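Values quoted throughout were computed directly from the atomic coordinates according to the rules given, and no laboratory measurement underlies them. Only a predicted model underlies this, so the values are computations on that prediction, with no experimental measurement involved.
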Amino acid sequence: MKAPVRTLVMILVTATLAIATSGVAVAKGAPKTKPKSTPAEHHTTIGAVSATSITIKEATQSKTFTITKFTEVTLNAQPSKVENLKPGMRVSITASGDPSVAARIAAQ
């Protein structure tokens, strides 16, 4: 090779290596982390309850579930009956295969 061509090849090889390694350095930069936020505490409470349905309230939303003879009810982690549930109690509902039917109701 002639000297100018050899010099040009060396410059291109050096530039290619510099670009390739700088890309790796950028990709391996400090990991980006999201600022941790504390989830807002919210409570789900019983808005209304009858022998066949329960309405729960959470912040500005409410949802009504159907209660069947197969719905399991607990109050303070003890087996209970729907009649013992009162509006204002804290509650957790587990839906059945049909999202409008309560499979389990756990109240406190």
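Tabulated data
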quantity: Other-chain or far-sequence residues with amide H under 5 Å of residue 101's (modelled H); calculated: 66, 96
quantity: Binned Cα-Cα distance frequencies in the range 51-108 - 10 Å width, integer %; calculated: 24, 61, 15
quantity: Sequence-distant residues sharing a close amide H with residue 80 (under 5 Å, placed H); calculated: 73, 74, 75
